[in-house]
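Here the structure is laid out as structure tokens; the discussion comes afterwards.
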Amino acid sequence: MNRNIANSLGLVVLLLIGIGLSLSLGSVSIPIDEVLKILLGISTENSTWEYIIINYRLPKTLTALLIGSGLAISGLLMQTLFRNPLAGPYVLGLSSGASLGVAILLMGAGLFSGIFGEFMFSKWSIILAASLGSILVMLAVLATAQKVKDTMTLLIIGLMVASLTSAVVSVLAYFSNAEELQLYIFWSFGSLGNLAWGEVGLLSLCWCIGLGFALICLKNLNALLLGENYAKSMGVKLNRNRILIILSTSIFAGSATAFAGPIAFVGLAVPHLIRQLVTTNDHKILLPNIIFGGAFLMIICDIIAQLPGSDSTLPINAVTSIFGAPVVIWLLVRKRKLKF
């Protein structure tokens, strides 16, 4: 069997095991056979277990799958577009824009009062604020992409936008009171377990749209790796593909930040991890493996964050970096070479 095929099948098996563990482990441990019965619609003696699986753990697991794979895809797209192994899904300032939207909402709460003020603290209002912030940054980046022909200049502009929005958030934090600041900090920790089925459905729709844009430009990504001049000589429409890549990344990264908060590390690290397993730069092979790898990594980080057997949970944004970064460092040092 081809090594790449074997590694891909191994990733799928690991992902299935991770999904099973995610549904089984938590503050209440549920046997795997009972989990399977509940998923298959077979009646179980413990209705509490059924409620936990259907209304909490299954939506949380699907959220982890969607966000992990989405961030991993957007990381691959950004690294290919800029031909930079340090590029990630948030390099264009999309997460910073979403954070600014939430910061204005939560730390500018003194501007609102009454019933309208109560609405401003609802879950949907936070999602809306993050989405609007991310969309505004995306529109600014798209407008810039139309005028700037050099992708490295676009990268620098994205970093400057991120710095600017972070500075505004810092100013808001300085003038906010302790309660408002605490609300924003808790949001910035990230969470996968706060979504109901309707919100998971909307996140799934965003994921499908982002994947659609990525698939449209998939066949041209290999040419972009060899440089813009080579890609242009092969008939690749650079401006069109750049816009498609930015749109796909914006939808993936913006929806992930809006629904789960800013989640670091996954989009940057997964493409490098998968390149250690799959010995090719062909994006038609890389993309499905990166989807599986991103979903698996997020599932594992979520299991760790749940602290199985305990009522406490760790911030998912911290877990993805604390437990994930050393693994990537070890793999890269062991290989002694960064494949890109």
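Applying the criterion of being within 18 Å of Met152 (Cβ to Cβ) and either at pLDDT 95 or above or not in a helix (DSSP H, G or I) (or both) to the residues of the range 203-235, the residue that is least open to solvent (accessible area, probe 1.4 Å) is Gly227.
Taken together, Ile52, Ile30, Ile42, Ile38 contain a single residue that is of a type outside the set (Phe, Trp, Tyr) and either modelled with pLDDT of 90 or more or under 25 Å from the mean Cα position of the chain (by Cα) (or both), which is Ile52.
To keep it simple, each residue is scored yes or no on (1) in contact with a Phe, Trp or Tyr (Cβ under 7 Å, 6 or more places away or on another chain); (2) among the basic types (Lys, Arg).
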{"position": "Ile53", "(1), (2)": "no, no"}
{"position": "Arg57", "(1), (2)": "no, yes"}
{"position": "Ser74", "(1), (2)": "yes, no"}
{"position": "Thr80", "(1), (2)": "no, no"}
{"position": "Val102", "(1), (2)": "yes, no"}
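Scanning the range 164-187 for residues that are touching a residue at least 40 places away in the same chain (Cβ under 8 Å) and among the hydroxyl-bearing types (Ser, Thr, Tyr), we see that the one that is farthest from Ala253 (Cα to Cα) is Ser176. When we screen Ser125, Ser74, Ser99 for residues that are polar (S, T, N, Q), at pLDDT below 85 and assigned to a helix (DSSP H, G or I), the only hit is Ser125.
Within the range 29-59, how many residues are touching a residue at least 40 places away in the same chain (Cβ under 8 Å) and either in contact with a His (Cβ under 9 Å, 6 or more places away or on another chain) or open to solvent by less than 10 Å² (accessible area, probe 1.4 Å) (or both)? Qualifying residue count for the region: 1. Residue count for the range 288-323, restricted to those that are open to solvent by 10 Å² or more (accessible area, probe 1.4 Å), among the aliphatic types (A, V, I, L, M) and under 17 Å from the mean Cα position of the chain (by Cα): 6.
One line per residue, one yes/no per condition, for (1) of a type outside the set (Asp, Glu); (2) more than 30 Å from Asn229 (Cα to Cα); (3) not in a helix (DSSP H, G or I):
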residue: Leu139; (1), (2), (3): yes, no, no
residue: Ala143; (1), (2), (3): yes, no, no
residue: Lys149; (1), (2), (3): yes, no, yes
residue: Gly158; (1), (2), (3): yes, no, no
residue: Val161; (1), (2), (3): yes, no, no
residue: Ala167; (1), (2), (3): yes, yes, no
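Of the residues Ser29, Ser8, which is small (Gly, Ala, Ser), assigned to a helix (DSSP H, G or I) and over 30 Å from Met152 (Cβ atoms)? The unique qualifying residue is Ser8.
The values are calculated or read from the model by the stated rules, or taken from the named source; none is laboratory data. Model, not experiment: these values are computed from the prediction. Neighbour counts are summed over all protein chains in view; Cβ atoms, including those assigned to glycine, are modelled from backbone coordinates with ideal geometry. Side chains are part of the model used for accessible areas, which takes the heavy atoms of the whole protein and leaves out ligands, DNA and RNA. Shrake-Rupley method; radii C 1.70, N 1.55, O 1.52, S 1.80 Å.
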